[in-house]
Amino acid sequence: MSALLEVTGITKRYPGVVANDNISLTVNAGEVVALLGENGAGKSTLLKAVFGLIKPDSGEIKISGTPIVFGDTAGVISRGVGMVHQHFQLVPVMSVAENIILGDEPRRGIFINKKAAHDEILALSKRYGLEVDPEAIIEDLPVGMQQRVEILKALRKDVKLLILDEPTAVLTPQEIDELLGVIRNLANSGVGIVLITHKLHEVMAVADRVVVLRGGKLVGATSPKETDEAGLAQMMVGRSVVLQVNRTEAKRGAVVLEVKGLQVRDDRKILSVKGVDLSLHKGEILGVAGVEGNGQREFVEAICGMRHREAGEVLINGVATKDMHPHAVHKAGISHIPEDREKHGLVANYSIADNLVLNQFDQAPFAKGWVRNLAEVAKSAISTVEKFDIRTPSAFNTASSLSGGNKQKVVVARELSEDLPVLIAAQPTRGVDVGSIEFIHNQLISARDKGAAVLLVSAELDEILSLSDRIAVMSDGKIVAIVESKDADRNYIGRLMAGLKE
Amino acid sequence: MKTFSKRNGYFLSAILATAFFYFNGSDVTTSVYATGTVFALPLALAAMVGIMCERTGIVNIGIEGTMLLSAFVAFFVSSLTQNIIIGLIAAIFTGSMMGLILAVMAVSWRMDQIIAGTIINILATGLTSFLYVQGRTIPGVFQSFEIPVLSKIPFFGPVLFIHGALTFLGIAIILALYVAIYHTTWGLRSRAVGEHPSSADTAGVSVVRLRYINVTIAGAVGALAGAYLSLELVGSFERGFTAGKGFTALALMIFGRWNPLGALAAAMFFGLAQAYANQLMIDQIVNIPSQFTAVLPYIMTIVVLTISAGKVRAPAAEGQPYEKGQA
Amino acid sequence: MSETNVDKKVVKSQSEKSSKNFDVGSWLVPIVAVLVAMSLAAILIKLQGLNPIAAYKSLFKTAFGSIEGLGVTLGKSTPLVLSGLAVAVGLRAGLFNIGAQGQLLSGALAAAWAGVTFDGLPGYIHVPIALIIGAFFGSVVAGISGFLKAYRGVHEVITTIMLNSIVMGVADYLASHQLREPDQFLTRTAEIQPSAKLPIYANLPLGFFIAVVLAIVIWWILGRTTSGFRIETVGRNRHAAWYAGIPVKRTVISAMLISGAIAGLGGAVETLGITYRYAPAFNLGLGFDGITIALLGRVHPIGIIPGAILIGGMRAGAANMQFDSGVAPELVDLLMALILLLVTAPLITRFFKNNSNKSMTSGWGN
C-alpha cells in the first residue's frame, strides 16, 4: 500500500529566495507528522503546494499513490485533503453554514439547498463533538469558535489527510490542549495529519514523527521519543540556541507612563478594553501577555493616539495627554513600533531613506523651512542602515524590496532615533527572521538600559518571558495580574491568559 | 439592514406618487410612472453591471464606455444589415468583449481597476467618435407591446406591462440576478470571492475564473443597457449618447447596497424624479431652464453618494487584485 | 567609514536616484505605445479605404513642418500640458481627478468673464487677473470633490465626472443668459478685451511658457519640499501618512485644489490665448486628454510636456489631415485611447504595484 501523502523533490523559488529546496516527505494514515521550523523556513509554502494553492517549480506530490495536478485546489480537496489555514479562511459577513459548504454546496436544481446544508452541519458538528450554530455570522463569533468552524470545514469531506497550519497561534493554552486532543483522536481514527508549528512543546505532546525545515531545506527527521525540546530547537535554528536573552537586572526608576481606568471600543464598537490601570517605570520592560484579541491592540492604539479613548486617562510624566493624534503622542514622548508595520509603519514604495524620516521630514535638519534637505536625509539614512544592520544594497532602495525583518529594523531604527522616554513595541518580531529577532530584542533591552520605559505587547509568551522585567497578563480587556518576571511561571500565566482564576 | 435602502427607495417613490395623486389625476400619475420606468431601466441595468462585477471584487467604472460602444454597435450594425436583431447580437458581443478586456486588465494584469475602467471609457469614446457617420438610420425600434391580461391591471398594467421587448428582458435579468445572488451556488461563490477571495480559493473556487466570467457577462448586460437606448428608447445614436448614465448607475448600486432590488428601487427613484420634473415643465407649473433639469440627475448622484457614504459596506475585496497562494 | 566617503556615497546615490526617473528602459514604454497605437489606427484607416501614410504625413507636416505650424501646435499643447499636470498632481496624492474637463470649463468661462468685464486695465495686470480668476474657479469645482472625498469618503471619480456635466450645464446656461454677447444670435460670450489677450511672440504663444514653467515648479514642489512630500506620502500610503502626523484630509483637499487650479488655468489660457471668448462647444475633450497625457508622461510633471506637444500637434494637424486624406479628425481621439491602453498596463504595474499590494483606489467606501 502506498503512503497517504508522498512529496518528492519539491522546489519552489520566489524572486531572491528558494522557499522550498528539493523537499521530500511522506505521511501515512493514522499518524501525526509535525512540520517544524522557524518563520520563513518554508513550511507554509510546502503545504500550500500540497493543497494546490501554489505551483511548485519542480517535484511531484502524490496522494494515495496518484500524482496531483499542481495548483488544482478543487482536485486536491476532492481527493480527501483538508486544510486549516494559519489565517482563517472564512468570509466574515457570511454564516457558518455558508462558509462550510462553500465550494461544494448541496443543491436543489440550480439553487442551494439551505435546509440540507443546515442539517449536514449539525450532523458534522455532532460527529466530531465540535458544537457550532450553523446560522451564526462569522464576524460575530469569538476567535476560538471561528477556529472550530475552520476545522469543521476541513473535516467535512471525510478527510483522509488533514493539514493544520499553525492552528494554535490564537488559542489559549487550555484551548490548545483541547485542540491537540482532537488531533490525537482524528489520528486514532485513521486520518493522516500534518501539523505545522514552531512551538516545541506541542510537537512533543502530539507528534508521532517530526520533520524539521530550515531555510527552505529539509534538515532532519526525528521523533519525540528520540529527542527533547532542546534538541528540536537546535535542529530548527541550526545552532544551540540561547533560550534566555542576556540581560541585567532592571534599574527601575520613577513612573513615566500612567494609564488610569482606560476604556476603549474596537472596530465593531464593542468595548474591548474594560478599564485598565497600569504604571510603566523608567528603565524597565513591562511585558503585556495575552491571547490575541483580548484588547491588547486597542489598548496600545488608544495610548498611541490611534484610537478614541472611551474613558480614562493616559499620563506622561504626570501630565495628562488628551485623546490625541499619533503624531502628537509621539511629540509628547512616546515612540511606538506599530503592530501593522506595512500599513502604519512604512510607505512601501518610498526609499528606505524617506521611510527613516517619515515622522521628522519637516523638522531640522531634514528640512530648512519649506524645502527638504535631501543630502541630510541621505547622510543620516546611510549611517542608520549601517548601524541597524539593515540588509540592503543601498539606503535608496524601496522599503518594499526588504525582507520582513529588515523592514521592521527600519521602523525600529526610526522610532529609536530620538531617544524618547517611552517606547511601546507592539508585536515587534512578528513575521521576522531569527537573526532580526535577536537584533530587535537587543535594541529593546539597550533602550531600557539607556533609561527608556518600554511597554512590550506580544502574543509570543516566550518573548514576553525572556525580555520582561514585569509581566502584565491581559484577558478579556482587563489586566488580570501583574507579576515580577522572576516569579513568573509559564503554566500560571497560561491559566491567567485563559481567564481562569488560579 | 439589508433591506434598508430598498425601503428607502420605495418610500421616496411612494412619496412622489402620493404627491402626484394629490396634484393631478390618476391618468397623469400613471403616465409619469410609465415614463419613469422607461428612464429607470437603463440606469437599473447598468447598475446590475456594477453589482455583478463588484460582488466578485472588481470595480467597473467602464460601464459608461461599455454602454456607449454597445449602443453605437447596436445602431450601426442594425443600420448596415437593416435588422435590429443582428444589431442587438452584435452589441451584446461587443459588450462581452469589453468586459473581457476589463477582466484581462484587472484580473490578469492586476492593474488599478479605476484606471482600467477609464481606459474602457476613453477607448469607447475614441472608437465611437472616429467611426461615427452622420445620417444613418435603422429600420425601426423594438416596439412596445402589451402583455395580455396583465396590462389591463389599473396603474401597474400600463407602468409595467406595456413596453418593448428589451425592457421586459431587462426586468427579467434584474429579477433573475437578485435570485441568483442570494440563492444559487454561483451567487454564494461570487459573494465569497468579492468578500474574501482566499477563502473561496482554499475552498476550491477559482477566483480568477469566476471574476473573468462575471465581468464578461456583466459586459453583455451593459451592452443590453446600451442597445436599449439606441434600439428601443431613442432609435438613433449620437456622440456622447449615454450622457453619464454608467456613472450614475454606480451611485445607484452603492445606494442600493449592491443588492439588485435595492439598485432597482434607487433607479426607479431617479427615473421618477426625472419624469416628474419633465411633467412639471410640460404642465408649465414651474419654469426651470432646460440646462438645470438636464443636470438634475448629476446633482442627485452626488447627493445620493454623500448620503450613503460611510453607511454602506462595499464588498471587502473590491478593487484589490488577487494573487493565488497569498493567503 | 570616513566622512568624505559618506558624502561621496550620498552624491552617487542622489545621482542614481535622479537618473532612475529618466531611465531609458522605462521611457521606451510610452514611445513604443505611441508607435503601436499609430500602427493599429493605420489598420483602421486602411479598412476605411483610405491611405494611412498620407494621413500621418499630412498630420505631422502640418503640426511640426513649419514655424507657423509649430506655433499652432504649441498653442494647442498649452491646455494639454496643464490638464495633464492637473491629473498628475491628483494621481500623486492618490486621487484620480477625471474632472479636469469641468474644472477647465469653469476656468475658461470665468476667464472669459474677467476678460470681457474688466475695462481699461493694462495687459500686464489684466492677463494675470483673468488667469488667476480662471484658476480660482477651477480650484473651487475640484475643491467640492476634494471636500466630499476627505470628509464624506465619496469617491472622487464619480463626483468629478458628475461635476463635469453639472459645470457644462451651468456654463451653458450662463453663456446663453447672463454672460451672453448682447444682440447676438449665437450663444457665446463677447470677445475679451485686447488687454486680456495672451501675447504671441514670433509665433510662440506665451501661454505655453507659462505652462512649462508651472510644470517645472510643480516638479520641484513635489520632489523637494515638505508639502510635496506630504502629498506623495498620502498618495502612497495614507495610513502611514496619518500615523506620521500628516493631515491627510487637508492634504487631500489641497491636492484637489491645486489640481483644479491647474486645470482652471488651462481653461483660462485657452480662452485668453486661442478662442478669445467662451462658446458652449468649448474644446470638449481637453480634460480627458489630460488623463492620457499624464499617464503617457509617467505621472511625471516634466514627462507630461513631450506627450502634450505630440497630442497638441495631432490636434493642430487633424483638420488639414481630413482635407488632404479624408481621414476624420476624430482619429486623434482614437489614437489617444489606444495610446492610453498601451501605455498604462506596464506603467501602472510599476508605479503603483508596491503600494502594499493594494491598488490606489480600493473601493468606494473610503
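The values are calculated or read from the model by the stated rules, or taken from the named source; none is laboratory data. Everything numeric here is computed off the predicted structure, so don't read it as measured data. Cβ coordinates were reconstructed from backbone atoms using ideal geometry, including for glycine residues, and neighbour counts include every protein chain displayed.
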Report summary line: Restricting region A:269-310 to residues that are among the hydrophobic types (A, V, I, L, M, F, W, C) and closer than 22 Å to A:Phe88 by Cβ, the one surrounded by the most Cβ atoms within 10 Å (Cβ to Cβ) turns out to be A:Val291
Requested in this report: Find all pairs meeting these conditions: Cβ atoms under 7 angstrom apart; at least six residues apart or on different chains; first residue within region A:205-226 and modelled with pLDDT of 90 or more; second residue among the β-branched types (Val, Ile, Thr) and part of a loop (DSSP other than H, G, I, E, B).
Outcome: none
Requested in this report: Among the residues of region A:10-27, count how many are more than 13 Å from A:Lys55 (Cα to Cα), modelled with pLDDT of 85 or more and surrounded by 14 or more Cβ atoms within 10 Å (Cβ to Cβ).
Outcome: 6
Report summary line: In region A:100-112, residues that are within 25 Å of the chain's Cα centre (by Cα) and either facing chain B (nearest Cβ under 7 Å) or more than 30 Å from A:Lys199 (Cα to Cα) (or both) total 0
Query - Members of region B:254-306 that are part of a loop (DSSP other than H, G, I, E, B) and more than 14 Å from every other protein chain (Cβ to nearest Cβ) - result: B:Asp283, B:Gln284, B:Ile285, B:Val286
Query raised in the report: Which condition does A:Met306 not pass, out of (1) of a type outside the set (Asp, Glu); (2) out of contact with any helix residue (DSSP H, G or I) (no Cβ under 6 Å at 6 or more places or on another chain); (3) free of Cβ contacts under 8 Å to residues at least 40 places away in the same chain; (4) not in a strand (DSSP E or B), if it passes all the others?
Result: (2)
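Looking at A:Arg214, A:Arg148, A:Arg184, A:Arg156 in this structure, which one is surrounded by fewer than 20 Cβ atoms within 10 Å (Cβ to Cβ) and under 22 Å from A:Pro106 (Cβ atoms)?
Testing whether each residue is surrounded by fewer than 20 Cβ atoms within 10 Å (Cβ to Cβ) and under 22 Å from A:Pro106 (Cβ atoms) leaves just A:Arg156.
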Query raised in the report: Out of region B:175-212, which residues are more than 9 Å from every other protein chain (Cβ to nearest Cβ) and within 18 Å of the chain's Cα centre (by Cα)?
Result: B:Leu175, B:Ala176, B:Leu177, B:Tyr178, B:Ile181
Report summary line: For region A:377-424, the count of residues that are more than 14 Å from chain C (Cβ to nearest Cβ) and assigned to a helix (DSSP H, G or I) equals 7
**Report entry** Residue within region B:100-121 that is closer than 19 Å to B:Gly244 by Cβ and in contact with a Lys or Arg (Cβ under 6 Å, 6 or more places away or on another chain) present
**Finding:** no
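Conditions (1) more than 14 Å from every other protein chain (Cβ to nearest Cβ); (2) under 18 Å from the mean Cα position of the chain (by Cα); (3) in contact (Cβ under 8 Å) with a residue 24 or more places away in the chain, marked per residue:
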position	(1), (2), (3)
B:Met52	yes, yes, yes
B:Asn60	no, yes, yes
B:Phe72	no, yes, yes
B:Gly99	yes, yes, yes
B:Val104	no, no, no
B:Ser108	no, no, yes
B:Ile119	no, no, yes
B:Gln134	no, no, no
**Report entry** Positions within region C:238-257 being hydrophobic (A, V, I, L, M, F, W, C), surrounded by fewer than 24 Cβ atoms within 10 Å (Cβ to Cβ) and touching a residue at least 40 places away in the same chain (Cβ under 8 Å), in sequence order
**Finding:** C:Val248, C:Ile253, C:Leu257
Report summary line: Note on region C:172-198: residues surrounded by fewer than 24 Cβ atoms within 10 Å (Cβ to Cβ) and assigned to a helix (DSSP H, G or I) are C:Asp172, C:Tyr173, C:Leu174, C:Ser176, C:Pro194, C:Ser195
Query raised in the report: So which residues in region C:212-253 are of a type in the set (Ser, Thr, Tyr), within 12 Å of another protein chain (Cβ to nearest Cβ) and closer than 27 Å to A:Met306 by Cβ, if there are any at all?
Result: C:Thr226, C:Ser227, C:Thr233, C:Tyr243
Requested in this report: Could you list all residues from region C:118-143 that are surrounded by 24 or more Cβ atoms within 10 Å (Cβ to Cβ) and closer than 28 Å to B:Ser290 by Cβ?
Outcome: C:Gly134, C:Phe137, C:Gly138, C:Val141, C:Ala142
Report task. Could you grab the pairs with beta carbons closer than 6 Å, sequence gap of 6+ or different chains, first residue in region A:61-77 and away from chain B (no Cβ under 13 Å), second one among the hydrophobic types (A, V, I, L, M, F, W, C) and in a loop (DSSP other than H, G, I, E, B)? Result -> A:Ile61/A:Ile68
Report summary line: When (1) at pLDDT below 90; (2) within 12 Å of chain B (Cβ to nearest Cβ); (3) on the phi < 0 side of the Ramachandran plot are applied to C:Ala294, the one that fails is (1)
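The rows are residues; the columns are (1) farther than 29 Å from B:Val77 by Cβ; (2) within 14 Å of another protein chain (Cβ to nearest Cβ); (3) among the aromatic types (Phe, Trp, Tyr); (4) within 21 Å of the chain's Cα centre (by Cα).
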| position | (1), (2), (3), (4) |
| --- | --- |
| B:Val141 | no, no, no, yes |
| B:Gly157 | yes, no, no, no |
| B:Leu160 | yes, no, no, yes |
| B:Phe168 | no, no, yes, yes |
Report task. Tell me, yes or no, whether region C:198-207 has at least one residue that is over 23 Å from the mean Cα position of the chain (by Cα) and not acidic (Asp, Glu). Result -> yes
Report task. Out of B:Ala294, B:Ala275, B:Ala249, B:Ala243, report the one residue that is at pLDDT 90 or above and under 22 Å from B:Ala71 (Cβ atoms). Result -> B:Ala249
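Checking the conditions here, which among B:Val38, B:Val73 is surrounded by fewer than 24 Cβ atoms within 10 Å (Cβ to Cβ), modelled with pLDDT of 85 or more and under 30 Å from B:Gly135 (Cβ atoms)?
B:Val38
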Query raised in the report: Which fully enclosed helices (runs of 4 or more DSSP H) of region B:147-224 have 3 or more residues being in contact with a Phe, Trp or Tyr (Cβ under 6 Å, 6 or more places away or on another chain) and free of Cβ contacts under 8 Å to residues at least 12 places away in the same chain?
Result: none
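Rundown of residues vs (1) exposed (fewer than 13 other Cβ atoms within 10 Å of the Cβ); (2) at pLDDT 80 or above, yes/no style:
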| site | (1), (2) |
| --- | --- |
| B:Pro148 | yes, yes |
| B:Lys152 | yes, no |
| B:Gly157 | no, no |
| B:Gly164 | no, yes |
| B:Thr167 | no, yes |
| B:Ala172 | yes, yes |
| B:Leu177 | no, yes |
| B:Thr185 | no, yes |
Query raised in the report: Quick one: in region A:425-482, which of the residues that are in a helix (DSSP H, G or I) and among the β-branched types (Val, Ile, Thr) is farthest from the chain's Cα centre (by Cα)?
Result: A:Ile445
